[in-house]
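The structure under discussion appears below in the form of structure tokens.
The values are calculated or read from the model by the stated rules, or taken from the named source; none is laboratory data. Owing to the predicted nature of the structure, the values given are computational and were not obtained by experimental measurement. For neighbour counting, all protein chains shown are included, and Cβ atoms are generated from backbone atoms with ideal geometry for every residue, glycine included. These accessible areas exclude ligands, DNA and RNA; they are computed on the full protein's heavy atoms, side chains included. Shrake-Rupley method; radii C 1.70, N 1.55, O 1.52, S 1.80 Å.
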Amino acid sequence: MDSSNTIMGIEGNSTDVPQIEMSLEFQDNESESIFSVLDANNAISKIQLESGIQIHGILGIPFLIENEWILDFKQLIITK
């Protein structure tokens, strides 16, 4: 699948971005979904420089709901 979608980027600007269908495996759970691809290198580099946190991608709420993944902020874990 190759299409495009308009999303608000990490810097607050609306941008047309390509979408791809891809499988993601995490903790022995495999999920297939459609992902928007956004070049956010500038914002992500600033976050890493200021906090030391390395970001490889951002999963949105629709993905988490569709795949029934739960964020536990107290324990800082993701469960299914």
The stretch 5-55, residues that are hydroxyl-bearing (Ser, Thr, Tyr) and under 25 Å from Glu68 (Cα atoms): Thr6, Ser23, Ser31, Ser33, Ser36
Which listed residue is outside any helix (DSSP H, G or I), open to solvent by less than 60 Å² (accessible area, probe 1.4 Å) and not hydrophobic (A, V, I, L, M, F, W, C), from Thr6, Thr15: Thr15
Counted residues, the stretch 41-80 - those being acidic (Asp, Glu) and either at positive phi or open to solvent by less than 70 Å² (accessible area, probe 1.4 Å) (or both): 2
Top-ranked residue in the stretch 38-55 [being assigned to a loop (DSSP other than H, G, I, E, B) and modelled with pLDDT of 85 or more; ranked as nearest to the chain's Cα centre (by Cα)]: Ile55
Which numbered condition Leu38 misses (of (1) within 19 Å of Thr6 (Cα to Cα); (2) loosely packed, with under 12 Cβ neighbours inside 10 Å): (2)
